[in-house]
Amino acid sequence: MVEKQLWHPVAASREVRDAPLACTLLGEPLVLWREPGHGGDRVHAWADRCPHRGARLSLGRVLSGVRGARLECPYHGWQFGGEGRCQHVPAAPDFVPPAGHAAQMFEACERHGLVWVRLAAPESALAPVLAEPPLFAPGGEAGWRVVLCGPYEVATSAPRLVENFLDLSHFGFVHEGWLGERGHAQVRTGVVEEGAAGLAVRDAQAWQPRAYAGAEQGAWIAYRYEVQHPYAAVLRKDAANGDPVSNAIALFIRPDAHERCTAWFVMATLGDASSDRDLLAFQDTVFAQDRPVVESQTPRALPIGRTAPVTEVHGPADRVSSAYRRYLNRLGITLGTT
Ligand code: FES
Ligand SMILES: [Fe+2]
């Protein structure tokens with residue numbers, strides 16, 4: 001399954017503190033825990049199953065001591081060090097556990113305020129999701145502020161949500177008065193570039209009544225998009241009229257099942273005077289507008305012609321969504337598609 005070879009976000013970094021946290025990725029129950037260290041913390045993602053008698057490690061606790069942090073199983077108290085190996089069996093304290101007495105470990109890292117996990121080594125060069133998308137480089141430009149929004153648990157497939165994120169032509173209806181107006185519903189789809197690593201869109205434009213918090217009048221706003229992962233996308237919009245306001249928003253999604261997913265938005269903003277709380281409230285409002293519509297779409301899996309002929313028709317403003325569907329087909333993505 002190609003999806004297992006990709007990095008996926010599983011939880012916000014701030015949720016993983018001094019206690020183990022359970023989560024599930026692609027049907028695999030995981031325990032996340034944080035190991036404090038001198039050179040910085042390290043986050044671990046292990047199978048949520050003790051190799052001794054199969055209890056859930058996420059019900060245990062994180063111990064810290066002079067010999068480093070350990071994850072303690074809730075059942076017989078076996079202690080596992082950061083390398084996964086059992087270090088201590090309390091019922092037989094002189095026993096030296098062999099190497100095979102170890103938890104199953106997966107690759108884990110932190111990026112953009114989220115914990116990312118990869119369940120299997122890649123068999124070929126796949127989407128470089130952990131590379132910084134060029135549109136989303138708040139660290140590389142001074143003055144950007146970053147706010148993590150979510151998680152949003154959504155009753156639809158991850159690809160439906162990505163496609164909604166790439167779609168300008170719903171603004172005048174779903175986000176009327178916010179991101180669009182039905183009297184100004186026409187969009188310009190811009191230039192779509194498709195390559196092996198994904199797609200990029202530049203010069204897409206929509207008319208917006210209030211493109212950002214401080215805007216006083218409507219304007220055509222140019223959007224750029226990048227998709228370098230089947231379940232993630234980044235947009236960037238810069239204010240018109242020379243206003244020094246820019247926003248970059250990344251959508252990162254954990255595919256929980258064929259028709260269910262959990263999303264986070266990382267908003268990076270430059271020059272917007274809104275407070276973090278206002279930015280969060282704005283994103284919550286916009287997503288609350290999207291949710292009933294995207295959850296109403298049938299089928300919930302995105303029709304890309306994989307198992308059945310595509311039964312959706314397209315208009316001229318759907319070029320980006322068609323390019324996204326072709327990209328999923330090229331990658332061989334099955335989870336969330338049909
Ligand atoms: S089941 Fe984990 S220590 Fe026994
Ligand atoms: Fe929307």
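The values are calculated or read from the model by the stated rules, or taken from the named source; none is laboratory data. All values reported here derive from a predicted model rather than from experimental measurement. Cβ coordinates were reconstructed from backbone atoms using ideal geometry, including for glycine residues, and neighbour counts include every protein chain displayed.
The test for being in the same structural domain as Phe165 (by TED's automatic domain parsing) and free of Cβ contacts under 8 Å to residues at least 24 places away in the same chain holds for Asp238.
For the range 183-200, a tally of residues being among the small types (Gly, Ala, Ser), in a strand (DSSP E or B) and in contact (Cβ under 8 Å) with a residue 24 or more places away in the chain returns 2. Summed over the range 228-256, residues that are under 24 Å from Ser13 (Cβ atoms) and either assigned to a strand (DSSP E or B) or β-branched (Val, Ile, Thr) (or both) total 17. The residues of the range 309-330 that are surrounded by fewer than 17 Cβ atoms within 10 Å (Cβ to Cβ) and in contact with a Pro (Cβ under 9 Å, 6 or more places away or on another chain), listed by number, are Pro309, Val310, Thr311, Glu312.
The residues on offer are Arg277, Arg306, Arg300, Arg291, and the sole one that is away from ligand 2 (no atom under 16 Å from the Cβ) and modelled with pLDDT of 95 or more is Arg300. Whenever a residue of the range 157-182 is among the β-branched types (Val, Ile, Thr), its partners that are outside any helix (DSSP H, G or I) and away from ligand 1 (no atom under 16 Å from the Cβ), lying with C-beta atoms within less than 8 angstrom and at least six residues away or across chains, give the pairs Val162/Val227; Val162/Pro230; Val162/Tyr231; Val162/Ala232; Val162/Ala233; Val162/Leu251; Val162/Ile253. Within the range 73-97, restricting attention to residues that are buried (at least 17 other Cβ atoms within 10 Å of the Cβ) and closer than 22 Å to Thr24 by Cβ, the residue that is nearest to the chain's Cα centre (by Cα) is Gly84.
Between Gly305, Gly271, the distinction of being over 30 Å from Arg326 (Cβ atoms), touching a residue at least 24 places away in the same chain (Cβ under 8 Å) and small (Gly, Ala, Ser) belongs to Gly271 only. Scan the range 52-98 for residues that are small (Gly, Ala, Ser) and more than 11 Å from ligand 1 (Cβ to nearest atom) and jot them down. The answer is Ser58, Ser64, Gly65, Gly68, Ala69, Gly81, Gly82, Gly84, Ala92.
Number of residues in the range 201-226 that are modelled with pLDDT of 90 or more and of a type in the set (D, E, K, R): the value is 4.
Is it true that Val31 is surrounded by 18 or more Cβ atoms within 10 Å (Cβ to Cβ), assigned by TED's automatic domain parsing to the domain that holds Cys73, within 16 Å of ligand 1 (Cβ to nearest atom) and not hydroxyl-bearing (Ser, Thr, Tyr)? Even if it seems obvious, please write down each step before you answer.
Values: surrounded by 18 or more Cβ atoms within 10 Å (Cβ to Cβ): yes; assigned by TED's automatic domain parsing to the domain that holds Cys73: yes; within 16 Å of ligand 1 (Cβ to nearest atom): yes; not hydroxyl-bearing (Ser, Thr, Tyr): yes.
Yes.
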